[in-house]
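**Student:** Here it is: the structure, laid out below.
The values are calculated or read from the model by the stated rules, or taken from the named source; none is laboratory data. Keep in mind that what you see is a predicted model, and the values were worked out from it rather than measured. Heads up, the Cβs are rebuilt from the backbone with ideal geometry, glycines too, and the neighbour counts pull from every protein chain shown. The protein model used for the area step is the full one, side chains on, heavy atoms only, and it has no ligands, DNA or RNA in it. Shrake-Rupley method; radii C 1.70, N 1.55, O 1.52, S 1.80 Å.
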Amino acid sequence: MELKQQLKEMIITELKLTNVAPDDISDDGPLFGSESALGLDSLDAVELVVLLKKKFGVEIGDQNTAMAAFASINSLADFLSRKTPST
């Protein structure tokens with residue numbers, strides 16, 4: 001499965017977003033903030049940090065890194081592709 005699709009499904013499932021389908025999440029759209037269609041908040045960000053560690057073995061060390069990684073699905077996929085070991 002493509003990483004972006006996997007991330008969308010993980011966010012929907014693990015954050016228990018109702019009435020949201022993977023196709024509803026734009027690759028370039030913001031995941032957080034007033035312009036986000038998802039309505040994610042700081043508690044969701046904490047959950048995402050834990051999920052990335054659990055599912056991908058990747059740690060997000062500081063707030064600036066988190067803000068950049070969680071800007072969109074594209075930025076999160078890019079962050080993971082740079083941080084996860086290639087197989």
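**Student:** Taking only protein heavy atoms into account and a 1.4 Å probe, give the accessible area per residue of the chain in Å².
**Tutor:** 63
**Student:** Further, regarding this structure: Ratio of the chain's C-alpha Rg to 2.2 N^0.38 Å, to two decimals?
**Tutor:** 1.00
**Student:** Where in region 34-87 are there GluC sites (Glu not before Pro) that are in a DSSP coil and have at most 13 other Cβ atoms within 10 angstrom of their Cβ?
**Tutor:** Those satisfying the criteria are Glu35, Glu59.
**Student:** Using a simple charge model, +1 on the beta-carbon of Lys and Arg, -1 on the beta-carbon of Asp and Glu, nothing else, what dipole does region 1-49 show about its Cα centre, in debye to the nearest 20?
**Tutor:** 100
**Student:** Straight-line reach from Lys4: which lysines have Cα under 16 Å away, leaving out those fewer than 8 places along the same chain?
**Tutor:** Lys55, Lys83
**Student:** To continue, here is another question. Taking loop as defined by DSSP and a crowding limit of 15 other beta carbons within 10 Å, which trypsin sites (Lys or Arg not before Pro) in the chain fit?
**Tutor:** When the trypsin sites (Lys or Arg not before Pro) of the chain are filtered for loop state and at most 15 Cβ neighbours within 10 Å, Lys16 remain.
**Student:** Towards the positive end of the charge dipole of the chain, with charges on Cβ (+1 Lys, Arg; -1 Asp, Glu), say which of Ser81, Ile12, Leu43 has the farthest Cα.
**Tutor:** Ser81
**Student:** Only four residue types carry charge here, +1 at the Cβ of Lys and Arg and -1 at the Cβ of Asp and Glu. Report the dipole size of the chain about the Cα centre in Debye, rounded to the nearest 20.
**Tutor:** It works out to roughly 380 debye.
**Student:** Using only the alpha-carbon atoms of region 32-79, report the extent along each of the three principal axes, biggest first, to the nearest angstrom.
**Tutor:** The Cα atoms of region 32-79 stretch 29, 21, 18 Å along their principal axes.
**Student:** Using a probe of 1.4 angstrom, how much of the accessible area of the chain is carbon and sulfur, in percent?
**Tutor:** Answer for the chain: carbon and sulfur cover 49 percent of the accessible area.
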